[in-house]
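Here is the structure we will look at.
The values are calculated or read from the model by the stated rules, or taken from the named source; none is laboratory data. Model, not experiment: these values are computed from the prediction. In this analysis, Cβ positions are derived from the backbone assuming ideal geometry, glycine residues included, and neighbour counts consider all displayed protein chains.
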Amino acid sequence: MKRLEGKNVLITGGSTGIGRATAIRFADEGANVAINYRSSEKEAEITLDEVRETCNSIREKGCREMLVQGDVASEEDVERIFQDVLKAWGRLDVLINNAGIQTANPTHETAMDAYDRVLAVNLRGAFLCSREAVRHFLDRGGGGVILNNTSVHETIPKPQYAPYAASKAGLGALSRTLALEYAGQGIRVNMVAPGAIATPINREWMDDPEKKADVEGHIPMGRAGEPEEIAAVFAFLASDEAAYITGQTIYVDGGLTLYPDFRTPWSSGS
Ligand code: NAD
């Protein structure tokens, strides 16, 4: 028995990086996966093919996959995304708010449109999708699962990335609030907080051996994480094995939240 067999799952920003790995992992666990993408249909088609390939091995069990275009920051798009998924499948069991962007700039030089866009995708987008999911879960009864991709910057400050850090801390607060608000209706809301993961969002340092070594030097486990290592935690949290977990963040970060500067007892004068 696959842990997610027959579950209908929507993953935002699901065509690349962690979203892509999660789509493949969920299909492998028996879920039907709807992959939301914003702009590149070609990129999304490639991921859809990979998911389909995974699905094909368990097709007789009814594994299905679909693409659904839309900008999560747009209320109109989000309503259409949910209409498309529900029209095709009639039911949604799991929403994964994964879409996210970041911009780097000293705060005093940050333009308001850059700030607004990061908040619009990372926080407003998650709010809009969660609101649609909760409406559906309440309508059909029986609960549901919302999983949010935050970041270690849900708690660790990130100079020059103030909009990103604010959006991820906000997403943590939003998630815990929804978890409390709807626990009585069987809706579980949890977060996965990745550290530095080898995905397109980190192209800037991943493709430069010197910068990569610098990043990895800050990570207690000495390496960047793989998107599949995040997908595995999403799969656990979506499954009934996590039936009694709500409002929690699981940090998947190779030890980044362990105050790495305290690896040596520098502060004790030894
Ligand atoms: P990524 O750039 O591959 O993924 C982000 C996805 O979101 C892309 O597919 C992008 O097209 C999509 N997206 C952007 N704006 C959108 C919008 N308005 N509507 C719909 N989709 C949109 O990088 P990733 O690392 O896989 O990022 C996925 C999530 O993981 C993000 O929320 C990111 O903040 C979070 N995260 C990543 C890391 C890391 O080190 N890679 C660390 C912590 C958190």
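If the condition is being among the charged types (D, E, K, R) and within 14 Å of the ligand (Cβ to nearest atom), then the stretch 1-29 contributes Arg20, Arg25. Of the residues making up the stretch 181-216, those that are in a loop (DSSP other than H, G, I, E, B), away from the ligand (no atom under 13 Å from the Cβ) and farther than 30 Å from Glu132 by Cα are Asp207, Asp208. Applying the condition of being part of a loop (DSSP other than H, G, I, E, B) and of a type in the set (Val, Ile, Thr) to the stretch 57-101 and asking which residue is surrounded by the fewest Cβ atoms within 10 Å (Cβ to Cβ) yields Ile58. For the structure I just gave you, tell me whether Gln69 is in contact (Cβ under 8 Å) with a residue 24 or more places away in the chain and not charged (D, E, K, R). Judged against the criteria, Gln69 is a match.
Considering only residues in the stretch 167-178 that are near the ligand (Cβ under 10 Å from one of its atoms) and of a type outside the set (A, V, I, L, M, F, W, C), the one that is farthest from the chain's Cα centre (by Cα) turns out to be Ser167. Taken as a whole, the condition of being out of contact with any strand residue (DSSP E or B) (no Cβ under 8 Å at 6 or more places or on another chain), of a type in the set (Lys, Arg) and at pLDDT 95 or above does not apply to Arg176.
Can you tell me which of Gly184, Gly170 is surrounded by fewer than 21 Cβ atoms within 10 Å (Cβ to Cβ) and touching a residue at least 40 places away in the same chain (Cβ under 8 Å)?
Being surrounded by fewer than 21 Cβ atoms within 10 Å (Cβ to Cβ) and touching a residue at least 40 places away in the same chain (Cβ under 8 Å) holds for just one of Gly184, Gly170, which is Gly170.
Screening the stretch 84-101 for residues that are farther than 21 Å from Pro194 by Cα and within 16 Å of the ligand (Cβ to nearest atom) and picking the one that is farthest from the chain's Cα centre (by Cα) gives Asp84.
Only a single item in (1) modelled with pLDDT of 95 or more; (2) in contact with a helix residue (DSSP H, G or I) (Cβ under 8 Å, 6 or more places away or on another chain); (3) surrounded by fewer than 17 Cβ atoms within 10 Å (Cβ to Cβ) is not met by Pro200, and it is number (1). Quick one: in the stretch 179-190, which of the residues that are over 16 Å from the mean Cα position of the chain (by Cα) and hydrophobic (A, V, I, L, M, F, W, C) is nearest to Thr246 (Cα to Cα)? Ranking the candidates gives Ala179 first.
The residues of the stretch 102-118 that are part of a helix (DSSP H, G or I), crowded, with 18+ Cβ neighbours inside 10 Å and within 13 Å of the ligand (Cβ to nearest atom) amount to a single one, Val118. On the stretch given as the stretch 143-166, residues that are without any contact (Cβ under 8 Å) to a residue 60 or more places away in the chain and within 12 Å of the ligand (Cβ to nearest atom) total 6.
If the condition is being more than 15 Å from the ligand (Cβ to nearest atom) and surrounded by fewer than 24 Cβ atoms within 10 Å (Cβ to Cβ), then the stretch 30-56 contributes Gly30, Asp49, Arg52, Glu53, Thr54, Cys55, Asn56. Any chance the stretch 67-74 includes a residue that's modelled with pLDDT of 95 or more and either more than 13 Å from the ligand (Cβ to nearest atom) or touching a Phe, Trp or Tyr at 6+ places or on another chain (Cβ under 7 Å) (or both)? Taking every residue of the stretch 67-74 in turn, at least one turns out to be modelled with pLDDT of 95 or more and either more than 13 Å from the ligand (Cβ to nearest atom) or touching a Phe, Trp or Tyr at 6+ places or on another chain (Cβ under 7 Å) (or both). For Ile219, all conditions in the list (1) surrounded by fewer than 19 Cβ atoms within 10 Å (Cβ to Cβ); (2) in contact with a strand residue (DSSP E or B) (Cβ under 6 Å, 6 or more places away or on another chain); (3) β-branched (Val, Ile, Thr) hold save one; what is the number of the exception? Condition (2) is where Ile219 drops out.
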